[in-house]
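In what follows, a structure is listed as structure tokens, so that the remarks can point back to it.
The values are calculated or read from the model by the stated rules, or taken from the named source; none is laboratory data. All of these numbers come straight from a predicted model, not from anything done at the bench. Methodologically, a virtual Cβ is constructed for each residue, glycine included, from the backbone with ideal geometry; neighbour enumeration extends over all protein chains shown. Please note that ligands, DNA and RNA were not included when accessible areas were found on the heavy atoms of the full protein model with its side chains. Shrake-Rupley method; radii C 1.70, N 1.55, O 1.52, S 1.80 Å.
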Amino acid sequence: MESEDSDPDALGLYMAKALNKFNILYLHMIEPRVIGSRVLEGVENEAPHRLLPMRKAFKNTFIAAGGYNRNKANQAIADNYADLIAFGRLFLANPDLPKRYELDAPLNKYNRSTFYIPDPVIGYTDYPFLQEA
Ligand SMILES: Cc1cc2nc3c(=O)[nH]c(=O)nc-3n(C[C@H](O)[C@H](O)[C@H](O)COP(=O)(O)O)c2cc1C
């Protein structure tokens, strides 16, 4: 956390290649448009594909995260940009996210103000599930 590099693209590519030597099962990378849980202003809707060199270099399963929703994730998989897409804030706010995506149901909105509070329930396990019909 809170670390940075003068050339993160080159470092990421080096790491992806170096990890191949150890036959690591998967590599999970966060899009550089995201810092922590904050998506950089004005780039939420962009698909910069900046992880593509690492995706191509890494031999096993590649997982990307950061600013994805259902459509963007499906597109990324269709484009072979990643093998899997992970979700952070949307999963936090929607404990049944796979079900909601399957049904294309509406999502709960996440509450940024409860992301980092110490309460074990509020903002973590109190988001509602879809009502069973
Ligand atoms: C409550 C919360 C806690 C997080 N904690 C961490 C953390 O400890 N370390 C980290 O690298 N990223 C952390 N993240 C960032 C997520 O791992 C993820 O990169 C980010 O939410 C972007 O993905 P998303 O657009 O699907 O939310 C956190 C995000 C949230 C919402």
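The set of residues in region 96-109 that are within 14 Å of the ligand (Cβ to nearest atom) and outside any helix (DSSP H, G or I) comprises L107, N108, K109. Consider region 66-95 and keep the residues that are among the hydrophobic types (A, V, I, L, M, F, W, C) and in a loop (DSSP other than H, G, I, E, B). The one that is farthest from the ligand (Cβ to nearest atom) is A82. Only one entry in A82, A93 is crowded, with 17+ Cβ neighbours inside 10 Å, more than 16 Å from E31 (Cβ to Cβ) and hydrophobic (A, V, I, L, M, F, W, C), namely A93. When you check F58 against the structure, is it more than 30 Å from Q131 (Cα to Cα), modelled with pLDDT of 95 or more and crowded, with 18+ Cβ neighbours inside 10 Å, yes or no? Yes, satisfied. Considering region 27-55, and only residues there that are closer than 20 Å to L97 by Cα and at pLDDT 90 or above, the residue that is farthest from the ligand (Cβ to nearest atom) turns out to be H28. State all residues of region 96-112 that are closer than 12 Å to Y124 by Cα and either open to solvent by less than 70 Å² (accessible area, probe 1.4 Å) or not charged (D, E, K, R) (or both); if no residue qualifies, say none. Matches in region 96-112: Y110, N111.
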